[in-house]
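Visitor: For reference, the structure I am asking about is given below.
Here, each number is a calculation from the coordinates, and none is a lab measurement. Everything numeric in this text was worked out from a predicted model, so none of it was measured. Ideal geometry is used to build each Cβ from the backbone, glycine not excepted, and the neighbour counts take in all protein chains shown.
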Amino acid sequence: MHALKAIRSTFAIAATLMLSAEAAAAQALPSAADVIAKHVAAIGGKDAVKGIKSMKQIGTMEITAAGMTADVEMTMVAPNKQAMKLSLAGLGEILQGTDGTVAWSVDPMRGPRLLDGKELDQAREQADFVAGMLYEADRYSAMTNEGIVDFAGEKAYKIKMVRKGSGTESWQYFSVATGLQIGSESTVTTEMGTTSSSTTVGGYQQFGPLKLPTRSEMMAGPQKMVMTTKTVEFNTAGPDAVTAPATVQPLIKK
């Protein structure tokens, strides 16, 4: 009987110690807001980001499964406009973008179309590029630090975010060592349906006031795409730099 009581006491002490350790670990874990603040400071600071009214990136995109490489030009204008042009040798141009109200896609195979539903919500959210770099809390209904995990070969904080409006869930990964974002995971909606997407970013370089990644590797289903940024220009595009292409204009209801 005494031995049984001793065993029970030992288990009770062990359980208490484990709970105490878990509580201490939880207390030591920084909040999602603190992790994001470190990232913002690492890329140049909130004031520097807020000073960006437009951003133009030029680079290349490699679609590995197809053995294709495209020239990429991305123009973003605050607060919520974005246009991307992919130039594929022998195939033509693929255009995607939003003027903050409507969003579109144009490609040589399917022609022009307007986005709606989840695709439209995604396009508008992605175009909010200043808020996207700052991960401003008012854009999200929930932001939670789910702990430290291994991601892209290093320790990272795994931050779960839920967008207001669309309810889109994503997980953003920030390096414990540097504070910089090193990747993300989410579900992407296209006209072909939904698919899980995982992106790894790196190769940070200084462009003007900001430190930005120069390489992003995205896996969307079985498709792998690698984007390399060569140049970045700030505040060179006017407010009318992003407009729907001529082929899309007839689809827009006046």
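Visitor: Which of 160, 50, 211 moves the most in a Gaussian network model of the chain with Cα springs under 10 Å?
Guide: 50
Visitor: Within the chain, which whole H helices from DSSP have a Cα span along their axis of at least 20 Å and a mean Kyte-Doolittle hydropathy of 0.0 or more, if any? The partial results should precede the final answer.
Guide: Values: long enough: 2-28 (39 Å, 0.86).
In the chain, the long hydrophobic H runs are 2-28.
Visitor: Can you compute the FRET efficiency between residue 65 and residue 154 using 1/(1 + (r/R0)^6), with r the Cβ-Cβ distance and R0 = 30 Å? Round to the nearest 0.05. Write down the numbers at each step before the final one.
Guide: Values: r = 27 Å, r/R0 = 0.90.
Step by step, r from the Cβ atoms, then E = 0.65.
Visitor: For the chain, state what percent of all Cα-Cα pairs lands in each successive 5 Å bin, counting from 0 Å until the bin that includes the largest distance.
Guide: 1, 6, 10, 15, 18, 16, 12, 6, 4, 3, 2, 2, 2, 1, 1, 1, 0, 0
Visitor: Report the label-to-label distance for residue 89 and residue 107 in nanometres (one decimal), using points 7 Å from each Cα along the Cα→Cβ vector.
Guide: The two pseudo-label positions are separated by 2.0 nm.
Visitor: Another question about this same structure. Suppose each label sits 7 Å from its Cα in the direction of the beta carbon; what would the residue 50-residue 178 distance come out to in nanometres?
Guide: 2.6
Visitor: I've got another one for you. Can you work out the PRE-style zone for residue 215? Point 7 Å along Cα to Cβ, and I want the residues of segment 63-83 with backbone N under 11 Å.
Guide: none
Visitor: In the Gaussian network model of the chain, springs joining C-alpha atoms below 10 Å, which of 28, 131, 244 carries the largest mean-square fluctuation?
Guide: Comparing 28, 131, 244 in the GNM, the peak value goes to 28.
Visitor: So what's the convex hull volume per residue for the Cα atoms of segment 114-248, in Å³?
Guide: On the way: hull volume 19.9 nm³, N = 135.
Hull volume over Cα atoms, normalised by residue count, gives 147 Å³.
Visitor: Top mean-square fluctuation among 186, 175, 166, Gaussian network model of the chain, C-alpha springs under 10 Å?
Guide: Evaluated over the chain, the most mobile residue of the options is 166.
Visitor: If each of residue 58 and residue 226 carries a label point 7 Å out from its Cα toward its Cβ, how far apart are those two points in nm?
Guide: 2.2
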